[in-house]
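Just below is one structure, and these are the notes that go with it.
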Amino acid sequence: MDQTVTAETLAALLRLLDTQGWEATTVDELAREAGMSRATFFRTFGGKEDVVFADHADMLARLEDFLASTDHDTASALREGLLLVFRYHLDDAERTMARHRLLRQSQALRNRELLTSHRYEALFRHWLRDRLAAEGALGDEAAVGPLSAALSGACVALHNSALRQWLREPRDGVLEDFSARAGQLIRVLLEGYRAPAEAPRTPAQRPVAVVTMVGQHADTEEIVAAVRRALG
């Protein structure tokens, strides 16, 4: 999000879009709400779709800074990174709910949401690849890429599933529940890949990529069960 755009301005724009509807709200109305000319609006945001996801650039930067500076072990750092993102959505329920309602109105916005999820997944994947390679805990450099991809993809899928569930049924305690489930998922994958400390890997023990498919609305238990089955 452009540094000149305040959280209050973004919230006001999301409220306007939510109240009037995605298709019914014009760029001129958004520009007036933001106190900008039409030209400045486009320079600042880029377009209507960019308004809906403007805060994610800041969130990605915060996540990247956290992962780069944390002294937690890999499993704890990954869980805390997921919680950082999840907590951001919960901290302003009105903003999150408004964005969710807007996504239901536009396929283009849903496509943009998918691309945004990929950005989070890529950030986690690159961090995991570097962290696991530096640790050397897998006993085989060839395992680093597949594990990084499997773990980042599974974690982002779990985050999105938990967030969708909360959006359907907001409740207390969801952050603690998500933290526990994220920890469980991370342990399952890390333990499935790590080499026993007391024995070197034989060719038959070399790790392979885990590829598993879950439904769009799979819950946590389904995701964890799919990963367990894939690990054999």
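Every number in this text was worked out from the coordinates using simple rules, so none of it is lab data. If you're wondering where the values come from, they're calculated on a predicted model, not measured in any experiment. A quick note on method: Cβ atoms are made from the backbone with ideal geometry, for glycine too, and the neighbour counts reach across all protein chains shown.
Rounded to the nearest whole Hz, the Karplus-based 3J(HN,Hα) values (6.51 cos²θ - 1.76 cosθ + 1.60, θ = phi - 60°) of region 121-135 follow the sequence 4, 5, 5, 4, 5, 5, 5, 4, 4, 5, 5, 5, 5, 5, 5, with x at glycine and proline. Using only side-chain charges placed at the Cβ, +1 for Lys and Arg and -1 for Asp and Glu, the dipole size of region 7-51 relative to its Cα centre rounds to 160 debye.
Working from label points 7 Å from Cα in the Cα-to-Cβ sense, the Leu115 to Ala12 distance is 2.7 nm. Residue-wise HN-Hα couplings along region 36-44, as the Karplus relation 6.51 cos²θ - 1.76 cosθ + 1.60 with θ = phi - 60° gives them from phi, are 10, 6, 4, 5, 5, 4, 5, 5, 7 Hz; Gly and Pro carry x. Here each label is just a point 7 Å from Cα along the line to Cβ, and for Ala180 and Arg38 those points are 5.5 nm apart.
Quick check on region 64-134: take the gyration tensor over C-alpha atoms, sort the square-rooted eigenvalues as a ≥ b ≥ c, and tell me if it's rounded (a/c under 1.5), prolate or oblate. Oblate is the answer for region 64-134, as a/c is 1.5 or above yet b/c matches or exceeds a/b. The modelled label-to-label distance between Arg171 and Asp71, using points 7 Å beyond Cα along the C-beta direction, is 3.8 nm. Here's the picture: charge each Lys and Arg Cβ at +1 and each Asp and Glu Cβ at -1 in region 7-51, and of Ala39, Leu17, Val27 the one pushed furthest to the positive end of that dipole is Ala39. Were the residues from Glu23 through Arg104 laid out at 0.36 nm apart, the gain over their Cα-Cα distance would be 28.0 nm. Among His159, His126, a tally of other beta-carbon atoms within 10 Å of each Cβ gives an order, fewest to most, of His126, His159. Backbone amide hydrogens, once placed in the peptide plane, bring His72 within less than 5 Å of nothing, excluding anything fewer than 5 places away on its chain.
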